[in-house]
1. For B:Gly101, go 7 angstrom from Cα along the Cα-to-Cβ vector, then report the distances to that same point in the other copies in nm, smallest first.
2. Taking the Cβ of A:Leu73 as the center, what net charge do the other residues with Cβ under 14 Å away carry, scoring Lys and Arg +1 and Asp and Glu -1?
3. Rounded to the nearest 500, what is chain B's calculated 222 nm mean residue ellipticity when only DSSP H runs of at least 4 contribute -39500 (n - 2.57) each, over all residues?
4. For region A:32-39, take each phi angle, set θ = phi - 60°, evaluate the Karplus expression 6.51 cos²θ - 1.76 cosθ + 1.60, and give the result in whole Hz per residue in order, putting x for glycine and proline.
5. Between B and A, buried accessible area summed over both sides at probe 1.4 Å, in Å² to the nearest 100?
6. Take C:Leu70 and A:Leu80, extend 7 Å from each Cα along the Cα→Cβ direction, and tell me the distance between the two endpoints in nm.
7. What is the projected area of the convex hull of the Cα atoms of chain B, averaged over all directions, in nm²?
8. Let me check something: with ligands and nucleic acids excluded, how do A:Arg47, A:Arg28 order by accessible area (1.4 Å probe), largest to smallest?
Amino acid sequence: MAYVDIVTILAVLQFIVFGIKVGGARGRYGVKAPATTGNEIFERYFRVQQNTLELLLCLLPALYLCSRYLNPLWCAVLGLVYLVGREIYAATYVKDPAKRGLGFALSMFPILFLLLGAFVGALRRVAGF
Amino acid sequence: MAYVDIVTILAVLQFIVFGIKVGGARGRYGVKAPATTGNEIFERYFRVQQNTLELLLCLLPALYLCSRYLNPLWCAVLGLVYLVGREIYAATYVKDPAKRGLGFALSMFPILFLLLGAFVGALRRVAGF
Amino acid sequence: MAYVDIVTILAVLQFIVFGIKVGGARGRYGVKAPATTGNEIFERYFRVQQNTLELLLCLLPALYLCSRYLNPLWCAVLGLVYLVGREIYAATYVKDPAKRGLGFALSMFPILFLLLGAFVGALRRVAGF
C-alpha cells in the first residue's frame, strides 16, 4: 500500500505545481484575481489545472478502491501512467490545446481501468466469492 | 462496505459521463478549448459538471466517514439518493437552469445527513462511549 | 483518528458554507446561472469557493496519509490551521483579492507539511524500517 500512497502524494504535488504555474501565469499575462479569463495563454494554464482537479478527484477513490480488491503494486503502476499522462497533457495543452488528446487519454484510461478493477472486486465481494 | 464502494464507483463514473457530455457540447456548440463560455447551452453542461465536482468532493469523505461509525448499508442508500438527485439536476439544468432546485436538494441532503452521522459518530468516539 | 475525522467534517462543511455564500451572491448581484462572471463581488465569492475546492482535494488525502504514518493528533492540529487559514482567506479575498496572501499561505502550508510527513512515512515503510 505504501507504493499507492507515494503515487497519491506525487499526484497531489503535481496538481499543486500546476496551481503554482497558474499563479505565475497570472503575473506574467496580467490577469488579476478574481478574473480567470482575458489572456489565451493564461487560460490554457488555468484549464490544465482545472482538468487535473477533475481527474484527480476520480483517480484517488479509483486507486484506493482498486487497491483494496486487487494487487496494490499494479494499481500504483497505473497511477504512474496517469502522472506521465498529466505531464504530457500539460505540456501539449499550453502549446496547442487541440493537441491535448494523447495526454488526456494517458491519464484517463488508468482511471477507467482502476474503476473497472474496483467494480469487479466489489461485485465479487457482494456475491460472496 | 462493498455496497458503499459500488456507490462510490457509480458516482465517479456519473461525474466522468457528465465530463464526456461537456466534451460533446464543446464540439456541438463550437466552444474551442480553453474557452468555457460563449454558448449558453454549453455553459449549462459545463456548470452541471462543475457543480457535480464540488458535490462529489463532499460526498466521498461524508460517505466513508459515516460508514465507519454507522451502518454502511444505510450510507449506501443515501449515496443512491445522491446519484438519482444528480441525474435529475443534470436533466433539469440543461433544459432550464432556474429549475435545478429539486435535483440539487436531492443530491445535497444525503451529503448533509452523512456528515451529520459521521459527526455524531466521531464525537461519541472522542467522548468514549 | 476521530479528531482527524472531525477536522475533515468541518473542512467539508466550511466548503459547503462557501458554496451557500456563492448562491447568496448570485441573488444579491444578479448573476443568473449558468453565468459565473459579470459582477466583481460575485466573482470574489466564487473564486473563494473554487480555490477552496482545489485545496480541500489536496488536504483530505494529505491528512489521512499523514495520519497513517505519524501522530493523528498533530495532523488534526495542522488541519485546524488550514481551517483558520481558509476563514482568513475568504474574509480578505471578498474585501480585496490582492490581500489574499496570508490566508492562502496559512491554508497551503499545513497541506505541504502533511504531504511531507506522509511522504517520509511511506518511504520509510517501503525501505522497511
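The values are calculated or read from the model by the stated rules, or taken from the named source; none is laboratory data. Quick caveat: nothing in here was measured; it's all calculated off a predicted structure. Cβ: placed from backbone, ideal geometry, glycine included. Neighbour counts: every protein chain shown. In case anyone asks, the SASA skips ligands and DNA or RNA and just uses the protein heavy atoms, side chains included. Shrake-Rupley method; radii C 1.70, N 1.55, O 1.52, S 1.80 Å.
1. Its label point is 4.5, 4.5 nm from the equivalent points in the other copies.
2. Working: positive: A:Arg68, C:Arg125; negative: A:Asp5.
Here the count lands on +1.
3. On the way: 4 runs with 108 residues, N = 129.
One gets -30000 deg cm²/dmol as the mean residue ellipticity at 222 nm.
4. 7, 4, x, 5, 10, 9, x, 9
5. Numbers: alone 7560 and 7570 Å², together 13130 Å².
Buried area between the two chains comes out at roughly 2000 Å².
6. Roughly 2.7 nm, to one decimal.
7. Values: hull surface 33.3 nm².
In nm², the orientation-averaged hull projection of chain B is 8.3.
8. Values: A:Arg47 25, A:Arg28 140 Å².
Result of the area sort, largest leading: A:Arg28, A:Arg47.
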